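Okay, so here's the structure we're looking at.
The values are calculated or read from the model by the stated rules, or taken from the named source; none is laboratory data. Small disclaimer: the values here were computed from a predicted structure and weren't measured. All Cβ positions, even for glycine, are placed from backbone atoms using ideal geometry, and neighbour counts span all protein chains on display.
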Amino acid sequence: MHDRKESCGGGQGLTRRTFLKHLTTVSAAVASGAVVGLILPKGVAGAVEINYDWTRHRWVYLIDTRACIGCGSCVRACRQENDVPEGHYRTWIERYRINTEGEANVDSPLGGEHGFERIKAGGEVRKAFFVPKLCNHCAETPCTQVCPVGASYTTRDGVVLVDKDHCIGCGYCVQACPYGSRFINLQTHTADKCTWCYHRLTKGMTTACVGACPVGARIIGDRENPDDPINEILATQRVHVLQPELLTKPQCYYSGLDMEVR
Amino acid sequence: MFTELTGYLFPNDVHISWSLMIVMYPYITGLVAGAFIVSSLYHVFNRDELKPVGRLALATSLCFLPAAMLPLLNHLGHPERALNIIITPNFTSAMAGFGFLFSAYFILVLLEVWFVFRSDIVRLATESRGIKRRFYSLLALGVYDVSDEALAIDRRFIRVLAALGIPMACLLHGYVGFLFGALKANPWWSTPLMPVIFLFSAVVSGIAMLIVLYQAGCRFKGIEVDREAISSMSRWLWLFMIMSLSLEILEIMTLSYERAEEWEVIGHLLTNQLSISFISVQMVIGGLIPFILLMLVVTMGGLMHDKLRNTLSLSASLLLLLQVLSMRWNVVIGGQMFSKSMRGFRETYVPGLFEKEGVMAAVLIFLLPFILLTFFEKVLPTLKKSEKDES
């Protein structure tokens with residue numbers, strides 16, 4: 001897809017650097033996790049989580065749409081890590097093809113889980129790009145607002161979660177999310193959504209999707225940590241959020257977002 | 001089940017998470033609120049011509065109440081946790097108010113029923129023997145004073161309860177509209193008009209249901225249908241259906257005239273996925289036709305033979321019951337026929353016959369209030385031959 005090369009060009013240097021940086025962090029985290037897991041008995045390995053102080057973090061997510069190659073690794077990693085039932089998605093990838101008339105053709109076969117079929121270069125398509133989607137973990141989230149029992153909540157460190165032992169499965173939050181990020185899990189009969197792999201974040205690891213992305217199109221960072229590279233990017237580059245007019249204050253930022261994406 | 005999709009839908013939007021049960025819930029709640037408002041027209045606003053249906057209206061409201069809760073319980077993924085709504089309510093959620101509103105309203109209707117039927121309960125308790133006597137004594141709650149002074153106090157209580165009940169009924173049902181109207185994620189639901197539309201259509205369905213129940217009850221019991229009561233209910237029904245339909249049309253017209261972003265989706269929805277249920281059923285068969293039928297009853301009712309008037313009002317009522325059901329369907333299901341991507345649609349949604357939230361479950365739930373009402377009529381008759389002669 002020649003458009004892809006073009007659109008990737010702008011952010012490539014940065015992407016590679018960020019990717020390598022993250023690769024180091026991830027490998028270090030995985031390695032230390034493995035070491036801790038080997039040395040300490042299972043119960044104590046969880047101690048990392050106990051030491052986690054949620055007042056000292058605030059998580060944000062950044063997607064570089066120019067970098068995404070639509071390989072679907074993130075979707076597969078998410079399904080495997082979080083046991084997401086078939087037919088539902090905590091994350092997915094959309095492909096946009098804008099023709100010469102300016103009309104957008106959007107698709108996401110099986111959420112992009114198995115990648116996308118190649119399309120021929122040239123022809124009607126003027127520009128094309130991939131957009132990974134996931135829960136935006138909005139600061140003013142309409143989904144937790146409507147949960148009648150408080151089973152859906154935002155953690156101190158900015159992650160929107162569902163307590164599946166308390167959720168009554170009414171589906172109101174599914175209706176309230178403007179981004180289609182929630183679904184009713186037919187195995188647990190409760191609301192389900194992306195957790196930014198909170199079980200990993202709190203152990204010092206990165207999310208499954210970020211870890212699986214081969215091009216560094218997805219990064220998660222901590223606003224409370226001044227050394228986190230995400231703060232530099234958010235401070236100096238142009239970023240956008242999905243459907244800003246709804247004032248949900250998404251904490252998932254996009255760079256290189258096209259106006260056709262909502 | 002194979003689902004036909006057009007355009008691009010967010011992958012999680014392919015599923016309909018609010019099913020037929022969520023159509024039945026506002027429908028039944030509307031009947032509860034509507035029937036109550038008819039009984040209040042008599043008790044609070046002294047519409048004496050409605051006296052023959054005053055008690056039936058109250059009994060109807062009471063009998064439909066438990067059935068209003070059942071679709072919700074059946075819909076929940078974890079019905080055993082339903083009480084969490086009351087135990088750990090999240091007050092930023094519109095839905096959290098449900099438990100409190102519903103319980104408060106239930107208590108109010110029960111109290112009013114007790115006061116209205118108290119003299120009957122006492123009479124039946126003193127007249128009957130054996131188990132029957134015990135049963136009615138239990139209902140009497142140990143109060144047997146039916147002196148004129150006591151009954152006068154009862155009437156005052158009834159008036160206060162009926163008056164309190166009007167805003168409560170409006171809240172109970174306006175709130176159901178609010179559940180949909182206050183969701184900014186869905187342009188087909190998100191309008192401040194939604195609670196108002198729900199309220200007016202609730203009153204329409206309530207009056208229509210009473211016309212049907214009253215005529216059926218009279219036929220069953222061999223009582224003559226009261227001319228004034230039917231004429232009056234038809235007039236009220238006509239008024240409320242005009243208001244309800246006008247609001248429904250106004251909402252669509254505004255959206256269409258503004259040509260806002262959402263019209264691209266909603267216009268498509270109304271002329272494709274909802275063309276039968278919205279245009280044919282909600283607007284023409286359930287809207288225009290009963291409008292004409294009721295217009296005939298209201299304007300020329302005096303010249304009509306009783307039988308013709310009753311038939312016309314009965315037909316209009318049955319059609320309006322269908323209209324309100326289709327309106328609930330169009331709101332609840334219609335709002336899920338398009339994706340929040342605003343780029344794709346589901347082509348059809350047909351609930352299964354025997355699935356958990358399917359057609360049979362809906363029919364069974366809807367039958368329950370009629371069974372309760374038959375039982376109620378046996379225990380405390382609401383329709384009596386001597387009704388008109390009583391003070």
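Some observations on this one:
- Looking only at the range A:132-153, and only at residues there that are of a type in the set (A, V, I, L, M) and closer than 26 Å to A:Val210 by Cβ, the one that is surrounded by the most Cβ atoms within 10 Å (Cβ to Cβ): A:Leu134
- Per the conditions (1) within 12 Å of chain A (Cβ to nearest Cβ); (2) free of Cβ contacts under 8 Å to residues at least 24 places away in the same chain; (3) outside any loop (DSSP other than H, G, I, E, B), the sole criterion not satisfied by B:Asn90 is (3).
- Close contacts from the range B:132-143, counting a first residue that is surrounded by 14 or more Cβ atoms within 10 Å (Cβ to Cβ) and a second that is not in a helix (DSSP H, G or I), with Cβ to Cβ under 7 Å and a gap of 6+ residues or different chains, come to B:Tyr136/B:Ser128.
- In the set (1) within 12 Å of chain A (Cβ to nearest Cβ); (2) under 26 Å from B:Ala361 (Cβ atoms); (3) in contact (Cβ under 8 Å) with a residue 12 or more places away in the chain; (4) within 23 Å of the chain's Cα centre (by Cα), B:Phe100 fails one condition alone, (2).
- The listed residue being within 14 Å of chain B (Cβ to nearest Cβ), over 27 Å from B:Ser19 (Cα atoms), modelled with pLDDT of 95 or more and over 17 Å from the mean Cα position of the chain (by Cα), out of A:Pro244, A:Pro250: A:Pro244
- Qualifying residue in the range A:154-163 (condition: surrounded by 24 or more Cβ atoms within 10 Å (Cβ to Cβ), within 11 Å of another protein chain (Cβ to nearest Cβ) and either modelled with pLDDT under 95 or within 22 Å of B:Arg81 (Cβ to Cβ) (or both)): no
- Scanning the range A:88-122 for residues that are more than 18 Å from A:Leu242 (Cα to Cα) and hydrophobic (A, V, I, L, M, F, W, C) yields A:Ile98, A:Leu110, A:Phe116, A:Ile119, A:Ala121.
- Qualifying residue in the range B:180-187 (condition: part of a helix (DSSP H, G or I), touching a Ser or Thr at 6+ places or on another chain (Cβ under 9 Å), surrounded by 14 or more Cβ atoms within 10 Å (Cβ to Cβ) and of a type outside the set (D, E, K, R)): yes
- When the range B:53-87 is filtered for residues that are farther than 30 Å from B:Met233 by Cβ and outside any loop (DSSP other than H, G, I, E, B), the ones remaining, listed by number, are B:Leu73, B:Asn74, B:His75, B:Pro79, B:Glu80, B:Arg81, B:Asn84, B:Ile85, B:Ile86, B:Ile87.
- Counted residues, the range A:76-95 - those being in contact with a helix residue (DSSP H, G or I) (Cβ under 6 Å, 6 or more places away or on another chain), free of Cβ contacts under 8 Å to residues at least 60 places away in the same chain and more than 9 Å from every other protein chain (Cβ to nearest Cβ): 1
- Failed criterion for A:Val210 (all others in (1) surrounded by fewer than 22 Cβ atoms within 10 Å (Cβ to Cβ); (2) under 14 Å from the mean Cα position of the chain (by Cα) hold): (1)
- Condition met for B:Leu151 (in a loop (DSSP other than H, G, I, E, B) and over 22 Å from the mean Cα position of the chain (by Cα)): no
Residue-wise test of (1) under 20 Å from the mean Cα position of the chain (by Cα); (2) surrounded by fewer than 16 Cβ atoms within 10 Å (Cβ to Cβ); (3) more than 9 Å from chain A (Cβ to nearest Cβ).
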position: B:Glu112; (1), (2), (3): yes, no, yes
position: B:Phe117; (1), (2), (3): no, no, yes
position: B:Arg123; (1), (2), (3): no, yes, yes
position: B:Ser128; (1), (2), (3): no, yes, yes
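- Of everything listed in (1) surrounded by fewer than 23 Cβ atoms within 10 Å (Cβ to Cβ); (2) modelled with pLDDT of 95 or more; (3) in contact with a helix residue (DSSP H, G or I) (Cβ under 9 Å, 6 or more places away or on another chain), the single unmet condition for B:Leu5 is (2).
- Residues (under 22 Å from A:Lys249 (Cβ atoms) and among the aliphatic types (A, V, I, L, M)) located in the range A:176-199: A:Ala176, A:Ala191
- Filter result (buried (at least 20 other Cβ atoms within 10 Å of the Cβ) and more than 7 Å from every other protein chain (Cβ to nearest Cβ)) within the range A:183-194: A:Asn185, A:Ala191, A:Asp192, A:Lys193, A:Cys194
- Summed over the range B:1-48, residues that are more than 14 Å from chain A (Cβ to nearest Cβ), in a loop (DSSP other than H, G, I, E, B) and under 19 Å from B:Gly77 (Cα atoms) total 0.
- Top-ranked residue in the range B:55-77 [being within 14 Å of chain A (Cβ to nearest Cβ) and in contact with a helix residue (DSSP H, G or I) (Cβ under 8 Å, 6 or more places away or on another chain); ranked as nearest to A:His189 (Cα to Cα)]: B:His75
- Of all residues making up the range A:106-127, the number that are closer than 21 Å to A:Tyr179 by Cα and in contact (Cβ under 8 Å) with a residue 12 or more places away in the chain: 6
- Hits in the range B:332-361 (condition: more than 14 Å from every other protein chain (Cβ to nearest Cβ) and either buried (at least 21 other Cβ atoms within 10 Å of the Cβ) or assigned to a loop (DSSP other than H, G, I, E, B) (or both)): B:Glu347, B:Thr348, B:Tyr349, B:Val350, B:Pro351, B:Gly352, B:Leu353, B:Phe354, B:Gly358, B:Ala361
- Unique match (being crowded, with 24+ Cβ neighbours inside 10 Å and either of a type in the set (Lys, Arg) or away from chain B (no Cβ under 11 Å) (or both)) among A:Phe116, A:Phe129: A:Phe129
- Test for B:Val297: is it within 26 Å of B:Gly177 (Cβ to Cβ) and either assigned to a helix (DSSP H, G or I) or at pLDDT 95 or above (or both): no
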